[in-house]
Amino acid sequence: MVRYDDIEILEQKAANDLLGAEVLLDSAHELPALIGFHLQQFVEKRMKVSLQKHDIAYPKTHDLLMLLELFPQEKVSEDDEFFAQILSQFAVDSRYGEYVEPPWDGRQMLEKAKEFAEFIETLWDYSSN
């Protein structure tokens, strides 16, 4: 299981990944897989920060669905699981394999990733633990 000594560093790295995706979206180039990679990294780091703040140990993984299973499940929907599964396809390992075509355009992926990152933090509000 993994723990970061400095959550603020992980939060800053997540913010940098989000900024990277936004910069790519504003560029003249069409790079949806690279945007997806930065958004996957943003969501992954935000999830890990949230888990750590709640003293939940997590494995070293880029699989967002696996991380999502560590959160309270009362308000997790199939759509949430689908988004985590799709975004996980853009993780580090995918950079060396087959090209993954995103099911949404870059702006839609950006908005969905930001909404999802906010949503996962609210899951603790519904926890029966």
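Readers should treat all values here as calculations from the given coordinates under stated rules, not as data from a laboratory. Worth saying up front: this structure is predicted, and the values here are computed from it rather than measured. Cβ: placed from backbone, ideal geometry, glycine included. Neighbour counts: every protein chain shown.
Restricting LEU123, LEU64 to those that are crowded, with 18+ Cβ neighbours inside 10 Å and over 14 Å from the mean Cα position of the chain (by Cα) reduces the list to LEU123. If you check GLY36 against the conditions, is it buried (at least 17 other Cβ atoms within 10 Å of the Cβ) and in contact with a Pro (Cβ under 6 Å, 6 or more places away or on another chain)? Taking the combined requirement at face value, the residue satisfies it. Among the residues of the stretch 15-34, those that are assigned to a helix (DSSP H, G or I) and either closer than 15 Å to ASP105 by Cβ or touching a residue at least 40 places away in the same chain (Cβ under 8 Å) (or both) comprise LEU18, ALA21, GLU22, LEU24, LEU25, ASP26, PRO32, ALA33, LEU34.
Among the candidates PHE37, PHE83, PHE42, PHE71, the residue that is part of a loop (DSSP other than H, G, I, E, B) and within 19 Å of GLU115 (Cα to Cα) is uniquely PHE71.
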